[in-house]
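Here is the structure we will look at, set down as structure tokens.
The values are calculated or read from the model by the stated rules, or taken from the named source; none is laboratory data. This one's a predicted model, so the numbers in the text were calculated from it and none came from an experiment. We place every Cβ from the backbone using ideal geometry, glycine too, and count neighbours over all the protein chains shown.
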Ligand SMILES: C[S@@+](CC[C@H](N)C(=O)[O-])C[C@H]1O[C@@H](n2cnc3c(N)ncnc32)[C@H](O)[C@@H]1O
């Protein structure tokens, strides 16, 4: 049976019409003719009969096994175009026409924040990424996504797995590259005891980790694991959110700065540790609102220790349950919003009801973004600039930033 790939799904699987309905096909591109065994509506290992002109040889030797990248068989221009089309299609489904002015793709070897899994095996340990749609772990020496500094810590992860993984469980190691080196936040390991603490502290020292935490416990904080946001230096809590690549962060901060323009009073909602709030404080007074008090404490410390910034106030608040109300929003000349994947339905509703003139929306989910954009347009905003920022190169993940102005 020969099938022709119509399009890619949101997970970057090929979608084709088969004899019994839709068939999903792994590792293909639109327009390609393929054949292979259909199992449960899916061809896992297709033979490509007519390759697309956009097809390239995947540069990573682990590509077929590892689930970290799903689009390495597409050219850079194809992947950028596809990510832009995901955003435009999500908007079109809400009746919104827009243009993506540019796609900013982070280079290879640029991920400074990633989670690897570790498991004990009969022969020793296994540390890597999950295989596609599977519990199996794939080791990824030479991974072309991670910063080399992160990959260099795999031996530390193997040791930590041997020390602290339970027989059946898996440890999730969140790795972050800070100014002071790599920090590791491990979740899912054995309960802490004095012997494990001592062994992990020794491991942190031998592998020169900036910081190591195990569950909720900090085992070693050898150097402040700082991040630089504009003129401020911030030490986020272990494992805290950080934009995935320095290049992606720079693209987003650049867009946000320009979109906020000369606004004197700005609210930064879902502010994290101050990725946007602190650079914006170079020209505006900023009110940072975020659910995690520990992230705000880090932001506040970074602001107090920095020179020459305007005032930054902060507020720990659950913006899903207690969004800023119109009279609070009306105090600001511009609002920046960067919610998690669920979007910011409640907060956008209040912004729609306010008199706010300018909203800068950063999003990691085009579907919830499109829902929220519809609400804004219905309330009299127009969508002005729209960019796609690809920090998750070769994955199906799509991020964007947009400026809305009240007409
Ligand atoms: C995509 S991150 C953005 C963080 C920050 N803007 C940055 O760029 O580093 C989303 C942030 O929203 C916060 N968050 C998630 N749910 C929230 C809620 N219900 N209320 C307030 N903040 C929330 C998370 O803690 C996280 O810091």
So, residue 242, is that one assigned to a helix (DSSP H, G or I), within 12 Å of the ligand (Cβ to nearest atom) and either assigned by the TED database to the domain that holds residue 147 or touching a strand residue (DSSP E or B) at 6+ places or on another chain (Cβ under 6 Å) (or both) or not? no
Going by the conditions given, is residue 196 touching a residue at least 24 places away in the same chain (Cβ under 8 Å), in contact with a helix residue (DSSP H, G or I) (Cβ under 9 Å, 6 or more places away or on another chain), more than 26 Å from residue 241 (Cβ to Cβ) and not in a strand (DSSP E or B)? yes
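Here's the yes/no breakdown for (1) surrounded by fewer than 20 Cβ atoms within 10 Å (Cβ to Cβ); (2) part of a loop (DSSP other than H, G, I, E, B); (3) modelled with pLDDT of 95 or more:
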site: 61; (1), (2), (3): yes, yes, no
site: 85; (1), (2), (3): yes, no, yes
site: 95; (1), (2), (3): yes, yes, yes
site: 156; (1), (2), (3): no, no, yes
Looking at segment 345-381, which of its residues are part of a loop (DSSP other than H, G, I, E, B) and out of contact with any helix residue (DSSP H, G or I) (no Cβ under 6 Å at 6 or more places or on another chain)? 355, 357, 364, 365, 380
Six or more apart or on different chains, Cβ atoms under 6 Å: show the pairs whose first residue is in segment 315-333 and without any contact (Cβ under 8 Å) to a residue 40 or more places away in the chain and whose second is assigned to a loop (DSSP other than H, G, I, E, B) and near the ligand (Cβ under 8 Å from one of its atoms). 318/291
Which members of segment 203-239 meet the condition of being within 16 Å of the ligand (Cβ to nearest atom) and either on the phi > 0 side of the Ramachandran plot or assigned to a helix (DSSP H, G or I) (or both)? 230, 239
Has segment 68-76 got at least one residue that is within 22 Å of residue 247 (Cα to Cα), without any contact (Cβ under 8 Å) to a residue 40 or more places away in the chain and not assigned by the TED database to the domain that holds residue 366? yes
Counting only residues that are within 15 Å of the ligand (Cβ to nearest atom) and more than 24 Å from the chain's Cα centre (by Cα), how many does segment 349-388 have? 3
Taking the condition in a helix (DSSP H, G or I), assigned by the TED database to the domain that holds residue 283 and either more than 9 Å from the ligand (Cβ to nearest atom) or under 25 Å from the mean Cα position of the chain (by Cα) (or both), does residue 315 pass? no
Condition met for residue 396 (under 21 Å from residue 99 (Cα atoms) and either away from the ligand (no atom under 16 Å from the Cβ) or not assigned by the TED database to the domain that holds residue 274 (or both)): yes
Unmet criterion (only one of (1) out of contact with any helix residue (DSSP H, G or I) (no Cβ under 9 Å at 6 or more places or on another chain); (2) more than 10 Å from the ligand (Cβ to nearest atom)) for residue 296: (2)
Test result for residue 40, without any contact (Cβ under 8 Å) to a residue 12 or more places away in the chain, surrounded by fewer than 21 Cβ atoms within 10 Å (Cβ to Cβ), in the same structural domain as residue 5 (by the TED database) and within 25 Å of residue 7 (Cβ to Cβ): yes
Look at residue 53 and say whether it is under 27 Å from residue 89 (Cα atoms) and in a loop (DSSP other than H, G, I, E, B). yes
Taking residue 321 as meeting all but one of (1) in contact with a helix residue (DSSP H, G or I) (Cβ under 7 Å, 6 or more places away or on another chain); (2) within 14 Å of the ligand (Cβ to nearest atom), write down the number of the exception. (1)
Which residue pairs have Cβ atoms closer than 7 Å, lie 6 or more positions apart in sequence or on different chains, and pair a first residue in segment 137-160 that is without any contact (Cβ under 8 Å) to a residue 60 or more places away in the chain with a second residue that is buried (at least 16 other Cβ atoms within 10 Å of the Cβ) and in a helix (DSSP H, G or I)? 156/203; 159/203; 160/200; 160/203
Looking for something part of a loop (DSSP other than H, G, I, E, B), within 10 Å of the ligand (Cβ to nearest atom) and in contact (Cβ under 8 Å) with a residue 24 or more places away in the chain - is there at least one such residue anywhere in segment 247-269? no
Residues of segment 158-182 satisfying the condition of being in a helix (DSSP H, G or I) and within 12 Å of residue 209 (Cβ to Cβ): 159, 160
